[in-house]
Amino acid sequence: MSENNSALIHLKDISKVFLTDEIETHALSGISLDINEGEFLSISGPSGCGKSTLLSILGLLDSPSSGSYSLAGKEVASLNNNERSRIRNLDVGFIFQSFNLIGDLTVYENVELPLVYRGLKTGERKTRVLEALEKVQMSHRQNHYPHQLSGGQQQRVAVARALGGTPRILLADEPTGNLDSKNGAKVMEMLQDLNKEGATICMVTHDERYNEIASRIVHLFDGKVVDETVAAANH
Ligand SMILES: Nc1ncnc2c1ncn2[C@@H]1O[C@H](COP(=O)(O)OP(=O)(O)OP(=O)(O)O)[C@@H](O)[C@H]1O
Ligand SMILES: [Mg+2]
């Protein structure tokens with residue numbers, strides 16, 4: 001794979017080994033990957049091949065066992081905790097397999113949280129929260145708590161939370177996994193819009209149809225990149 005120092009995300013030989021009960025799991029083995037600002041990347045591969053592990057590393061939620069990751073020209077391993085959480089809070093939006101909504105915050109407060117981190121004023125936050133909830137058709141549940149919602153509704157709130165913050169990088173792990181095809185298509189449209197506004201998107205999906213909206217598909221197998229394809233619908 002060619003070196004590209006202008007890439008927003010530059011992974012070189014990234015490996016991740018999990019140790020549990022003396023069993024070593026090699027979740028990622030020597031991933032080298034460059035992602036440019038504004039790309040829409042789809043990561044595909046069978047269950048257990050390392051897709052979520054890769055997203056966690058990209059989002060600074062986990063660290064690689066070896067290899068180097070530089071983000072916007074900065075080596076991630078050299079960042080201190082404050083710098084890491086600043087990037088997580090300000091630059092990255094997450095839509096994860098398990099929704100990670102905060103249980104004792106309402107729907108409204110969950111969606112508002114990234115905007116609080118960004119230092120937006122109450123009025124501006126309100127406009128953005130209501131707009132995001134409107135988009136995922138969850139306005140009528142804004143005062144509910146996550147446990148009072150269905151799985152698909154929780155996922156839509158997680159999407160609203162991620163998109164309302166207009167992140168520079170969006171990491172989406174099966175963002176349509178719990179949604180019917182109509183809501184799934186809507187979420188994909190929202191991801192496309194965010195990408196058009198300049199966000200870099202890394203998405204994992206099992207739904208082949210949605211691979212088409214990506215500009216590039218990276219195929220993982222057993223923790224390795226085995227193939228890369230340029231999506232047919234693009235370029
Ligand atoms: N915290 C952990 N501790 C131990 N092993 C882990 C941990 N997280 C992931 N693994 C292992 O690492 C491998 C990759 O897991 P990962 O969750 O990245 O797969 P995935 O490609 O996202 O799969 P799926 O499509 O099922 O979500 C799996 O074998 C998994 O069991
Ligand atoms: Mg996964």
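Name the residue, out of E75, E83, E112, E124, that is exposed (fewer than 15 other Cβ atoms within 10 Å of the Cβ), closer than 30 Å to Q153 by Cβ and away from ligand 2 (no atom under 16 Å from the Cβ).
Details: E75 fails: closer than 30 Å to Q153 by Cβ; E83 fails: closer than 30 Å to Q153 by Cβ; E112 fails: exposed (fewer than 15 other Cβ atoms within 10 Å of the Cβ).
The match here is E124.
Right, I43: buried (at least 17 other Cβ atoms within 10 Å of the Cβ), within 16 Å of ligand 1 (Cβ to nearest atom) and modelled with pLDDT of 95 or more or not? Full working, then the answer.
Numbers: buried (at least 17 other Cβ atoms within 10 Å of the Cβ): yes; within 16 Å of ligand 1 (Cβ to nearest atom): yes; modelled with pLDDT of 95 or more: yes.
Yes: the conditions hold for I43.
In region 57-72, which residue that is open to solvent by 30 Å² or more (accessible area, probe 1.4 Å) and within 16 Å of ligand 2 (Cβ to nearest atom) is nearest to Q97 (Cα to Cα)?
Taking region 57-72 as the starting set, the residues that turn out to be open to solvent by 30 Å² or more (accessible area, probe 1.4 Å) are 61-68, 72.
Now restrict to residues that are within 16 Å of ligand 2 (Cβ to nearest atom): 61-62.
Values: L61: 14, D62: 16 Å.
Per the criteria, the residue is L61.
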Evaluation of V129 against (1) farther than 20 Å from L61 by Cβ; (2) more than 14 Å from the chain's Cα centre (by Cα); (3) open to solvent by 20 Å² or more (accessible area, probe 1.4 Å) (one fails), failing number | (3)
A careful count of residues in region 132-141 that are within 17 Å of L163 (Cβ to Cβ) and loosely packed, with under 14 Cβ neighbours inside 10 Å gives 2
Regarding R128, is this residue in contact (Cβ under 8 Å) with a residue 24 or more places away in the chain, assigned to a helix (DSSP H, G or I) and over 10 Å from R161 (Cβ atoms)?
-> yes
D207 vs. criteria out of contact with any strand residue (DSSP E or B) (no Cβ under 9 Å at 6 or more places or on another chain) and more than 16 Å from ligand 2 (Cβ to nearest atom) | no
The number of residues in region 46-69 that are closer than 21 Å to D173 by Cα, more than 13 Å from ligand 1 (Cβ to nearest atom) and hydroxyl-bearing (S, T, Y) is 1
What do you reckon, is N195 part of a loop (DSSP other than H, G, I, E, B) and either within 22 Å of T106 (Cα to Cα) or in contact (Cβ under 8 Å) with a residue 24 or more places away in the chain (or both)?
-> no
Hey, any hits in region 152-173 for a residue that's among the charged types (D, E, K, R) and in a helix (DSSP H, G or I)?
-> yes
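Would you pick out the residues in region 173-185 that are away from ligand 2 (no atom under 16 Å from the Cβ) and buried (at least 18 other Cβ atoms within 10 Å of the Cβ)?
Here is the first cut: in region 173-185, the ones away from ligand 2 (no atom under 16 Å from the Cβ) are 179-185.
Across region 173-185, the qualifying residues are L179, N183, G184.
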Return the pairs, sorted by first residue and then second, in which the second residue is crowded, with 19+ Cβ neighbours inside 10 Å and assigned to a strand (DSSP E or B), the first residue lies in region 86-98 and is of a type in the set (A, V, I, L, M), the beta carbons are less than 6 Å apart, and the residues are 6+ apart or on different chains.
-> V92/I169; I95/A172
Any residue at all in region 30-46 that is within 16 Å of ligand 2 (Cβ to nearest atom), more than 13 Å from the chain's Cα centre (by Cα), of a type in the set (V, I, T) and more than 22 Å from A199 (Cα to Cα)?
-> yes
Every listed condition ((1) under 30 Å from H26 (Cβ atoms); (2) open to solvent by 30 Å² or more (accessible area, probe 1.4 Å)) holds for Q153 save (1)
Pick from region 197-210, criterion closer than 29 Å to L90 by Cβ and within 16 Å of ligand 1 (Cβ to nearest atom), ranking: surrounded by the fewest Cβ atoms within 10 Å (Cβ to Cβ) | Y210
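The values are calculated or read from the model by the stated rules, or taken from the named source; none is laboratory data. Keep in mind the model is a prediction, meaning the values are calculated, not measured. Cβ coordinates were reconstructed from backbone atoms using ideal geometry, including for glycine residues, and neighbour counts include every protein chain displayed. With ligands, DNA and RNA removed, areas are computed over all heavy atoms of the protein, side chains included. Shrake-Rupley method; radii C 1.70, N 1.55, O 1.52, S 1.80 Å.
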